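These notes concern the structure reproduced below.
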Amino acid sequence: MPIVVAPENTLLRIIKVLVDEKTKRHLENLGILVNANITVLAKNDGNVIVKIKDGRLALNKETALKIFVA
């Protein structure tokens, strides 16, 4: 499921990231990569705030729709 519809405050695992190579490298540098654990902290109009490792990250709706979790 895309991260925008994932339940909040639940530990999830990233299974797929469907973005272009430049964006993918940027997200990987931020810790968003396949098999990484991620928690959705808040959602607002499709924009998502997630906890990845020890930090928080805000993702816009366009990017969040391309990150799939299980």
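Side notes on the structure shown:
- Residue check, Ile49 modelled with pLDDT of 95 or more and more than 8 Å from the chain's Cα centre (by Cα): yes
- Some residue of region 36-54 being assigned to a loop (DSSP other than H, G, I, E, B), surrounded by 15 or more Cβ atoms within 10 Å (Cβ to Cβ) and among the hydrophobic types (A, V, I, L, M, F, W, C): yes
- Qualifying positions in region 7-61 - acidic (Asp, Glu) and either at negative phi or in contact (Cβ under 8 Å) with a residue 40 or more places away in the chain (or both): Glu8, Asp20, Glu21, Glu28, Asp54
The values are calculated or read from the model by the stated rules, or taken from the named source; none is laboratory data. Just so it is clear, the structure is predicted and the values come from calculations on it, not from any experiment. A quick note on method: Cβ atoms are made from the backbone with ideal geometry, for glycine too, and the neighbour counts reach across all protein chains shown.
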